[in-house]
Amino acid sequence: MQHFLASAVLLVTLITISVSGELIAVVQIFRHGHRTPGSSYSTDPYEDRSYWDGLAEGQLTNVGKRQHFALGQYTRRRYHSFLPAKYNNTMFYAQTTDVDRTHMSAQSNVYGLYPAAGSQVWRKGVDWQAIPIHPANSSIFDSSFYPSDCAAYTPLLTAVLNSEEYEELNEKYSDLYAYLTEHSGDNITDFTETYTVWDCLKSEDTAGYKLPHWTRSVYPEPLRTVAGKIFEVFSHTKKMKRFVSGLFLNEVVEYLESMAEDSSASQKFMVYSGHDTNIAATLNSFGVFDPPYPPEYASTIYIELHKVKEYIVKVFIKDDKFIKQISVNGCDLNCPLSEFRNKLSDYIVDAETWNEECAAATTGGKYLPVGQYSQEKIFEKWGRKST
């Protein structure tokens with residue numbers, strides 16, 4: 001949790017958070033739980049599937065299921081006076097990216113949130129109940145690092161990767177790359193190529209496996225710091241944030257505004273089950289991702305709409321055992337709803353405008369895919385990869 005840094009922070013207790021006024025609606029975004037590594041580095045001692053109970057790459061583990069069951073229980077305690085104990089589809093709506101681990105995380109989470117009780121028990125001795133997890137609109141909430149179907153985005157990413165900032169970063173960590181190349185067996189020459197090593201070590205460490213001796217000098221640091229840069233680079237500029245997060249932020253803000261106008265307009269609790277990329281891009285758009293870091297398994301964001309004398313928005317981020325309130329781009333912790341929209345106005349965009357802007361051949365300047373970060377290499381390396 002020490003990696004959550006914000007311009008304004010309020011520490012609050014784990015169990016419940018008292019709020020003034022009336023809670024009207026909540027949006028929750030979370031990353032899936034612990035999973036098997038997405039891919040293995042060449043000398044990975046735990047590459048064999050027997051270490052993972054035969055699970056394929058990127059699959060949710062029992063640890064991940066328990067993480068989300070616990071998060072669901074936490075959410076139940078946190079909103080016990082807001083969410084009815086019994087599931088009701090008019091109150092609660094969950095959606096997920098179309099990936100096994102996010103589907104399964106959502107199911108585990110909702111089990112912790114809504115165990116069957118009373119008349120909802122459908123089989124003796126079983127407190128699990130079937131609750132729908134809907135497919136998210138992939139054009140709004142997706143599993144990729146960035147929108148590969150947005151032509152105007154690619155030159156922006158290319159320009160950032162070839163910028164002086166990232167050239168200096170690669171120079172700074174050149175010794176790390178050489179060390180990782182020697183011990184991992186992979187040819188690592190820039191910060192983006194450290195991801196596989198980080199991902200494997202993080203997954204294996206969380207699973208309780210003893211990491212190779214050589215990792216002690218690089219894991220968790222400085223690998224965590226370098227991996228954090230990977231999660232930041234894809235929404236580095238205002239325009240990139242707009243392309244990556246704009247449609248999702250627009251959906252969230254419109255939902256909050258509709259609930260302020262009529263609290264019966266939709267379900268009062270909306271859940272998005274996604275990836276570390278979704279957490280990172282959202283926090284980056286909120287202005288609280290500096291320095292960047294790899295979001296933890298089952299980390300979550302709560303966006304709350306309250307009615308006091310006016311409608312206000314409160315945003316909380318939770319990682320492991322701690323939760324804190326954040327300021328969105330400098331807005332008051334009790335951010336007026338109109339100001340919440342204003343603070344995100346550079347990024348919020350509707351679908352029609354997003355399509356028009358993405359179709360543009362250039363985006364305010366001429367960016368050429370030069371150097372090691374060519375357009376082809378970017379797409380070959382990252383494509384539609386999710387984490």
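Suppose we keep only residues that are under 19 Å from the mean Cα position of the chain (by Cα) and of a type in the set (S, T, N, Q) within the range 66-90. Which one would you say is farthest from H103 (Cα to Cα)?
Per the criteria, the residue is T75.
Output the number of the condition that C150 fails; it satisfies all remaining conditions of (1) modelled with pLDDT of 95 or more; (2) more than 30 Å from L201 (Cα to Cα); (3) not small (G, A, S).
Of everything listed in (1) modelled with pLDDT of 95 or more; (2) more than 30 Å from L201 (Cα to Cα); (3) not small (G, A, S), C150 misses just condition (1).
List, please: which pairs have Cβ atoms under 7 Å, are six or more places apart or on different chains, and start with a residue in the range 213-229 that is over 22 Å from I279 (Cα atoms) and end with one that is of a type in the set (V, I, T) and not in a helix (DSSP H, G or I)?
If the second residue must be of a type in the set (V, I, T) and not in a helix (DSSP H, G or I), no pairs are left.
In the list T363, T300, which residue meets the criterion of being modelled with pLDDT under 95 and hydroxyl-bearing (S, T, Y)?
From the options T363, T300, the qualifying one is T363.
Any residue at all in the range 312-323 that's surrounded by 21 or more Cβ atoms within 10 Å (Cβ to Cβ) and part of a loop (DSSP other than H, G, I, E, B)?
No, the range 312-323 contains no residue that is surrounded by 21 or more Cβ atoms within 10 Å (Cβ to Cβ) and part of a loop (DSSP other than H, G, I, E, B).
When you scan the range 196-212, how many residues do you find that are closer than 15 Å to D276 by Cβ and not in a helix (DSSP H, G or I)?
The number of residues fulfilling the criteria is 0.
Here is a list: G38, G58, G33, G64. Which entry is of a type outside the set (F, W, Y), in contact (Cβ under 8 Å) with a residue 40 or more places away in the chain, surrounded by 15 or more Cβ atoms within 10 Å (Cβ to Cβ) and out of contact with any strand residue (DSSP E or B) (no Cβ under 8 Å at 6 or more places or on another chain)?
G38
Would you mind telling me which numbered condition in (1) surrounded by 18 or more Cβ atoms within 10 Å (Cβ to Cβ); (2) without any contact (Cβ under 8 Å) to a residue 12 or more places away in the chain; (3) not hydrophobic (A, V, I, L, M, F, W, C) K124 fails?
Unmet for K124, out of (1) surrounded by 18 or more Cβ atoms within 10 Å (Cβ to Cβ); (2) without any contact (Cβ under 8 Å) to a residue 12 or more places away in the chain; (3) not hydrophobic (A, V, I, L, M, F, W, C): (1).
Quick check on S338: is it over 24 Å from E22 (Cβ atoms), hydroxyl-bearing (S, T, Y) and part of a helix (DSSP H, G or I)?
no
The values are calculated or read from the model by the stated rules, or taken from the named source; none is laboratory data. All of these numbers come straight from a predicted model, not from anything done at the bench. No Cβ is skipped: glycine too gets one built from the backbone with ideal geometry, and neighbour counts run over all protein chains shown.
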